[in-house]
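For reference, the structure is listed below as C-alpha cells.
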Amino acid sequence: RWLGWRDLLHGRRHRPGAQAGRIITLLSIVSLLGIINPILLIATRIVFALGRERDRAGRIAAVSVRGTPEAALFIVTAIAVVLVATGTFEKLFATTAFFITVTYASAMLALFALRRQEPQAVRPFRAWGYPWSVGLVLSGSIAFLAGAVAGDLRNSAVALLLLAANPLLFDLAARSRK
C-alpha cells in the first residue's frame, strides 16, 4: 500500500519494502539523464577550448565534418566511464555537482572580470540584473561549494585534485604529441 497525503498528515508510517528499491533505482536513472548533458556538453567544450588554446595543431582542437569536437568528446566520455566504473552513484553525483558548480562559478567570476577590464566592449548578450543577479547566484554557488566541502571532505578533495591535475595532464598530452 502506498502512502497517501492523509497518511502523512496523520503521521502514519509505512515501509514500502521492495518497492523502495525500485523507486530509488528509477529516480537514480532519471537524475542520471540530467547529469549526462553537463558532463558531455560542458566538459567537452572545456576540453575543446583548451585544445584550441594549447594544442592548436592537435586532434583535441579538431572538429569533424559535422562540427563535433570528437576527440574532446571521446576524452570526456572515457573519463566519465572510468568514474562510473570506479565509484558509486553518490560519488559520481557529488563529484559532478562539484565540477558543474565550479564551472558556473568560474564563468560568473569571468563575467565580473571582463566587465571590469573592458567596460566599453560590445556585449553579445545582456546579463539581466547585473551585477546583483550574478553576485547572488555566485554567492549561492560559493555557499554550495563550502557546504559540499564541509559535508563530504573526501569527495571534495578528490574533485579538487582532479581539477588541479587537469592543466598538468593536458600539457603532458600536448607535449607528448610534439
**Q.** Accessible-area order (highest first, 1.4 angstrom probe) of the listed residues 156, 139
**A.** 139, 156
Q. Largest first, how would 104, 130 line up by accessible area (1.4 Å probe)?
A. 104, 130
Q: Report, by chain and number, residues whose modeled amide H sits under 5 Å from the one on residue 127, excluding near sequence neighbours (fewer than 5 apart, same chain).
A: none
Q: Provide 125, 144 ordered by accessible surface of protein heavy atoms (probe 1.4 Å), highest first.
A: 125, 144
Q. How many Å² of accessible area per residue for region 89-178, probe 1.4 Å?
A. 72 Å²
Q: Just the number, please: carbon plus sulfur as a percent of the accessible area of region 44-106, 1.4 Å probe, no ligands or DNA/RNA counted.
A: 66 percent
Q. Do any trypsin sites (Lys or Arg not before Pro) in region 37-121 lie in a DSSP loop with no more than 14 other beta carbon atoms within 10 Å, and if so, which?
A. 56, 66
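The values are calculated or read from the model by the stated rules, or taken from the named source; none is laboratory data. Not measured: the values here are computed from a predicted model. As a convention, Cβ positions derive from the backbone with ideal geometry for all residues, glycine included, and neighbour counts pool all protein chains shown. Note: areas computed on protein heavy atoms with side chains; ligands, DNA, RNA excluded. Shrake-Rupley method; radii C 1.70, N 1.55, O 1.52, S 1.80 Å.
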